[in-house]
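Undergrad: Provided herewith is a single structure, encoded as structure tokens, for subsequent inquiry.
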Amino acid sequence: GSASRIIRRGGPVEFRFTAEDVRAASRRLAEPSWLAERRMAAWAAWESLPLPPVQDEPWRRTDLRGLPADRVGLKPADDSPAPKRPNRAGVDLVIRPGHPPQLEGQEVVLDSGTVFADWETAVREHPALLETHLGTAVGPAEGKFAALASALATEGTLLYVPKGVSLEVPLHALVWAPGQDLAAFTRLLVVLEEGASASLVYETASPSLGAETAGLHAGIVELVVGAGAQLRFVEIQNWGDHVWNFTHERARVGRDGRIEWVFGAVGSHLTKNFSELRLEGQGAEGRWSGFYIAD
């Protein structure tokens, strides 16, 4: 109830999301019972957690009173095509909410037990991987918007590289959400087992639709790098100028593992992202760089 209201001049404004939306998301993906239960637990966290006030230190310079909570909702699929990408060596996975994903590129990457799949495919064909690794880096209790993404995300990407497998071709995943007054919720889960290596470019984007249009994105990024594994991860946020963007992101790096993480933010109306790199094993290394373009 009150934990999900934005207070503005003229009175509180409610978010439109409901528990039935959560159940519908689970039914859409035909999720196993354990995953459906996790969604409902995340929804309970969303309802119980307050919207962060500016008095909270991490939110001291982030004013949410302009967030168009009453205007954004879960919309039917938008038919706008995804942007064209130049032909290059590698593998591209393009995801548009409500549309079948497009996987293009060198099929060799799918050999050796590697999984590079959209979220619906991951739930249908790789539930054991999700049960083992999902939520081990970012849980719904991380914050209000992490709980919302955990409860409602139906779009996203799973990358799993087995022990000792080295992917020579780069991977690219694009989530393209062009809808007006749209709320989009995404997940990315990357798991590199011991001694594995991979390069992934992960992009979230939309056109700019102007100040009269509202947009909301809440996302979770989980990167699990095993012992002696190496991940090169480039993340580009290119939302339109109408999108309020909230993400919770964490990498966990095991013994002698290494991650190179580049983060670039070139879009959105407002972006608030919590990113953390945990070096959990002796000899683990992390190199982190990034850039924001404010206008």
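The values are calculated or read from the model by the stated rules, or taken from the named source; none is laboratory data. All values reported here derive from a predicted model rather than from experimental measurement. Using ideal geometry, Cβ is built from the backbone for each residue, glycine included, and neighbour counts are taken over all protein chains shown. Calculation scope for accessible area: heavy atoms of the full protein, side chains included, ligands and nucleic acids excluded. Shrake-Rupley method; radii C 1.70, N 1.55, O 1.52, S 1.80 Å.
Undergrad: Restricting attention to region 245-258, which residues are in contact with an Asp or Glu (Cβ under 8 Å, 6 or more places away or on another chain), open to solvent by less than 10 Å² (accessible area, probe 1.4 Å) and assigned to a strand (DSSP E or B)?
TA: Within region 245-258, Glu249, Ala251, Val253 qualify.
Undergrad: Restricting to region 41-61, give me the number of residues that are surrounded by 15 or more Cβ atoms within 10 Å (Cβ to Cβ) and farther than 12 Å from Ala141 by Cα.
TA: 3
Undergrad: Next question. In region 202-244, which residues are part of a strand (DSSP E or B), open to solvent by less than 10 Å² (accessible area, probe 1.4 Å) and in contact (Cβ under 8 Å) with a residue 60 or more places away in the chain?
TA: Within region 202-244, Ala205, Gly215, Leu216, Ala218, Gly219, Ile220, Val221, Glu222, Leu223 meet the criteria.
Undergrad: Considering only residues of region 67-114 that are small (Gly, Ala, Ser), within 20 Å of Val161 (Cα to Cα) and out of contact with any Leu (no Cβ under 7 Å at 6 or more places or on another chain), which is modelled with the lowest pLDDT?
TA: Kept after step one, since they are small (Gly, Ala, Ser), are these residues of region 67-114: 69, 73, 77, 80, 82, 89-90, 98, 105, 112-113.
Narrowing further to those that are within 20 Å of Val161 (Cα to Cα): 89-90, 105, 112-113.
Add one more test, that the residue is out of contact with any Leu (no Cβ under 7 Å at 6 or more places or on another chain), and what stays is 89, 105, 112-113.
Details: Ala89: 70, Gly105: 82, Ser112: 82, Gly113: 90.
Among those residues, the one meeting the criterion is Ala89.
Undergrad: Here are the criteria: (1) assigned to a loop (DSSP other than H, G, I, E, B); (2) closer than 20 Å to Asp21 by Cα; (3) touching a His at 6+ places or on another chain (Cβ under 6 Å). Tell me which single one Val138 does not satisfy.
TA: (2)
Undergrad: Are there any pairs, at least 6 apart or on different chains, whose C-beta atoms fall under 7 Å, with the first in region 72-83 and among the hydrophobic types (A, V, I, L, M, F, W, C) and the second in a loop (DSSP other than H, G, I, E, B) and open to solvent by less than 90 Å² (accessible area, probe 1.4 Å), and if so, which?
TA: Val72/Asp181; Val72/Ala214; Ala77/Pro97; Ala77/Gly98; Ala77/His99; Ala82/Arg96
Undergrad: What is the residue count in region 48-80 for residues that are outside any loop (DSSP other than H, G, I, E, B), over 24 Å from Glu155 (Cβ atoms) and either in contact with an Asp or Glu (Cβ under 8 Å, 6 or more places away or on another chain) or of a type in the set (A, V, I, L, M, F, W, C) (or both)? Steps first, answer last, please.
TA: Step one: of region 48-80, the residues outside any loop (DSSP other than H, G, I, E, B) are 48, 57-59, 73.
Narrowing the set further to residues that are over 24 Å from Glu155 (Cβ atoms) leaves 48, 57-59.
Filter once more, keeping what is either in contact with an Asp or Glu (Cβ under 8 Å, 6 or more places away or on another chain) or of a type in the set (A, V, I, L, M, F, W, C) (or both): 59.
Residues flagged as outside any loop (DSSP other than H, G, I, E, B), over 24 Å from Glu155 (Cβ atoms) and either in contact with an Asp or Glu (Cβ under 8 Å, 6 or more places away or on another chain) or of a type in the set (A, V, I, L, M, F, W, C) (or both) within region 48-80 amount to 1.
Undergrad: If you don't mind, another one. Within region 142-170, how many residues are under 16 Å from the mean Cα position of the chain (by Cα), over 27 Å from Arg16 (Cβ atoms) and at pLDDT below 95?
TA: So the answer is 0.
Undergrad: So in region 147-171, with the set limited to residues that are open to solvent by less than 10 Å² (accessible area, probe 1.4 Å) and either of a type outside the set (A, V, I, L, M, F, W, C) or free of Cβ contacts under 8 Å to residues at least 24 places away in the same chain (or both), which one is farthest from Gly228 (Cα to Cα)?
TA: Out of the qualifying residues, it is Gly156.
Undergrad: Of the numbered conditions (1) part of a helix (DSSP H, G or I); (2) hydrophobic (A, V, I, L, M, F, W, C); (3) touching an Asp or Glu at 6+ places or on another chain (Cβ under 7 Å), Ala45 satisfies every one except a single condition; which is it?
TA: (3)
Undergrad: Please enumerate the residues belonging to region 259-290 that are among the small types (Gly, Ala, Ser), in contact with a Gly (Cβ under 7 Å, 6 or more places away or on another chain) and either within 21 Å of Ala147 (Cα to Cα) or in a strand (DSSP E or B) (or both). I'd like the intermediate steps shown before the answer.
TA: If we filter region 259-290 for residues that are among the small types (Gly, Ala, Ser), which is where we start, we get 264-265, 267-268, 275, 281, 283-284, 286, 289-290.
Those still in the list that are in contact with a Gly (Cβ under 7 Å, 6 or more places away or on another chain) too: 264, 267, 281, 284, 290.
Once the filter is applied, which keeps residues that are among the small types (Gly, Ala, Ser), in contact with a Gly (Cβ under 7 Å, 6 or more places away or on another chain) and either within 21 Å of Ala147 (Cα to Cα) or in a strand (DSSP E or B) (or both), region 259-290 yields Gly264, Gly290.
Undergrad: Can I ask one more? So is Thr132 hydroxyl-bearing (Ser, Thr, Tyr) and either farther than 19 Å from His217 by Cβ or assigned to a helix (DSSP H, G or I) (or both) or not? Working first, answer last.
TA: Working: hydroxyl-bearing (Ser, Thr, Tyr): yes; either farther than 19 Å from His217 by Cβ or assigned to a helix (DSSP H, G or I) (or both): yes.
Here the answer is yes, as Thr132 does meet what is asked.
Undergrad: Right, here's the next one. I'd like the full set of residues that are open to solvent by less than 50 Å² (accessible area, probe 1.4 Å) and within 20 Å of the chain's Cα centre (by Cα), limited to region 17-40.
TA: Phe17, Asp21, Val22, Ala24, Ala25, Ser26, Leu29, Glu31, Leu35, Ala36, Arg39
Undergrad: Where the second residue is assigned to a strand (DSSP E or B) and the first is of a type in the set (Phe, Trp, Tyr) and lies in region 262-288, which pairs have Cβ atoms under 6 Å and are six or more apart or on separate chains?
TA: Phe263/Glu235; Phe263/Gly290; Phe274/His248; Trp288/Trp261; Trp288/Leu277
Undergrad: A further question follows. For Ala183, are the conditions met, namely being under 25 Å from Gly135 (Cβ atoms), at pLDDT 95 or above, buried (at least 22 other Cβ atoms within 10 Å of the Cβ) and touching a Leu at 6+ places or on another chain (Cβ under 7 Å)? Don't jump to the end; show me each part of the working.
TA: On the way: under 25 Å from Gly135 (Cβ atoms): yes; at pLDDT 95 or above: no; buried (at least 22 other Cβ atoms within 10 Å of the Cβ): yes; touching a Leu at 6+ places or on another chain (Cβ under 7 Å): yes.
Against the criterion (under 25 Å from Gly135 (Cβ atoms), at pLDDT 95 or above, buried (at least 22 other Cβ atoms within 10 Å of the Cβ) and touching a Leu at 6+ places or on another chain (Cβ under 7 Å)), Ala183 does not qualify.
Undergrad: State whether the residues of region 275-283 include one that is crowded, with 23+ Cβ neighbours inside 10 Å, of a type outside the set (Asp, Glu) and out of contact with any Cys (no Cβ under 9 Å at 6 or more places or on another chain).
TA: Step one: of region 275-283, the residues crowded, with 23+ Cβ neighbours inside 10 Å are none.
No.
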